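The values are calculated or read from the model by the stated rules, or taken from the named source; none is laboratory data. No experiment lies behind these values; they were computed from the predicted model shown. Cβ sites come from the backbone with ideal geometry, for glycine too, and all protein chains shown count toward neighbours. Ligands, DNA and RNA are excluded from the accessible area calculation, which covers all protein heavy atoms including side chains. Shrake-Rupley method; radii C 1.70, N 1.55, O 1.52, S 1.80 Å.
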Amino acid sequence: MITTTCVWFMKTELPEKDTNKESIISSYKGLWKILKLPNIQTAIIFLLTAKIGFAADSATGLKLLEAGVPKDKLALLAIPMTPLQIILPFLISKYTAGPNPMSVYIKAMPIRLLFGFVFAGLVWITPSFKEPDGSFPYVYYCGILLIYAIQQITLYSMFVAVMAFFAKISDPIIGGTYMTLLNTVTNLGGTWPATFALWLLDPLTSKSCSAGLTNDCSTQALEDACKLENGECITLVDGYYVETFACIIIGFVWMIWGKPTILRLQAAPLSEWKIIHRNRRKEKN
């Protein structure tokens with residue numbers, strides 16, 4: 001605190017030139033040059049579609065809550081995950097430090113896709129673990145913890161691999177803008193499938209009122225009307241399971257295109273990712 005105060009009073013700085021406007025314009029020019037690279041255009045398509053196969057995973061927590069699992073118990077399960085999430089990047093990084101980091105991504109992706117079946121099975125058996133008083137035994141929570149811990153390994157394997165790939169291909173001249181663009185597209189590629197999957201749950205779910213065949217319980221008003229007739233809304237088709245199986249199939253079909261595309265991008269010379277090199281080559285031609 002004393003040092004900071006002394007620096008504040010005694011240190012003088014030269015007036016800075018107003019370069020904010022120029023730096024912003026140059027940053028957007030650099031961004032536009034990056035977007036014109038053919039490899040980047042392919043990478044953007046890959047990043048925006050790679051996580052479609054995992055979209056239904058975002059609804060698993062909601063289905064567990066719907067099955068009666070207390071919200072506070074699920075929140076507490078995140079605590080033991082924190083040390084694992086800190087350690088995993090260090091353990092995985094030694095496998096992604098070489099020239100082919102995306103090889104780890106390719107190996108982890110099908111395993112993570114298959115975890116969709118595991119999550120669907122977990123939701124399916126959850127009601128059978130429910131005690132008469134509404135609680136769940138500790139063995140059930142241990143099972144959830146084990147499943148999520150293994151799934152985190154596949155998730156972080158893909159995450160660390162793609163981050164290592166970004167660090168490898170980013171042009172040092174404009175590295176900050178390069179990494180920001182790739183990370184933004186990656187985040188968008190994980191957000192839009194999850195949002196769409198949550199929106200699609202209700203349209204894919206089919207229900208019927210036990211008191212009347214004409215009531216499909218598709219809205220809250222119809223559910224209330226069913227209860228007034230001493231009926232119960234019975235789920236005929238759960239959209240979560242439909243969505244899970246569809247996403248897994250889409251994920252494996254995507255890999256038919258995605259795997260060779262990832263390998264091709266990984267094998268591309270670093271010069272093809274650099275905007276300065278390409279610009280000079282065009283000028284010579």
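Points worth noting:
- Rolling a 1.4 Å probe over the protein chains gives Phe166 an accessible area of about 0 Å².
- When each of Lys51/Lys71; Lys73/Lys259; Lys29/Lys107 is checked by Cα-Cα distance, pairs over 32 Å: Lys73/Lys259; Lys29/Lys107
- What a 1.4 Å probe finds exposed on the chain is 66% carbon and sulfur by accessible area, rounded to a whole percent.
- Heavy-atom accessible area ranking, 1.4 Å probe, most first, across Thr154, Thr214: Thr214, Thr154
- Listed residues Ile111, Phe252, Ile169: farthest to the positive end of the dipole of the chain (Cβ charges): Ile169
- For the residues Gln85, Gln220, Gln151, a GNM of the chain with alpha-carbon springs under 10 Å puts the largest fluctuation on Gln220.
- Charge dipole (Cα centre; +1 on Lys/Arg Cβ, -1 on Asp/Glu Cβ; no other charges) of the chain amounts to roughly 1980 debye.
- Label selected from (1) -0.53, -0.73; (2) -0.44, -0.66; (3) -0.63, -0.79, the criterion being log10 I(q)/I(0) by the Debye sum over Cα atoms at q = 0.08, 0.10 Å⁻¹ as computed here: (1)
- Computed over segment 65-224, the ratio Rg/Rh where both radii use C-alpha atoms and Rh is Kirkwood: 1.08
- Residue-normalised accessible area of the chain, given per residue in Å² at a 1.4 Å probe: 61
- Toward the positive end of the charge dipole of the chain, with +1 on the Cβ of Lys and Arg and -1 on the Cβ of Asp and Glu, the farthest Cα among Ile44, Ala194, Ile24 is that of Ile24.
- Fluctuation leader among Ser210, Ser271, Ser103 - the chain, Gaussian network, Cα springs under 10 angstrom: Ser210
- Considering only alpha-carbon pairs that sit under 8 angstrom and 6 or more positions apart, the relative contact order computed for the chain is 29 percent.
- Compactness check for segment 92-180: Cα Rg over 2.2 N^0.38 Å is 1.55.
- Separation of alpha-carbon centers, segment 119-172 and segment 184-255, rounded to whole Å: 22
- Relative contact order, percent, segment 40-199 [alpha-carbon distance under 8 Å, six or more residues apart]: 46
- Length-normalised contact order of segment 128-285 in % [C-alpha pairs under 8 Å, at least 6 apart]: 17
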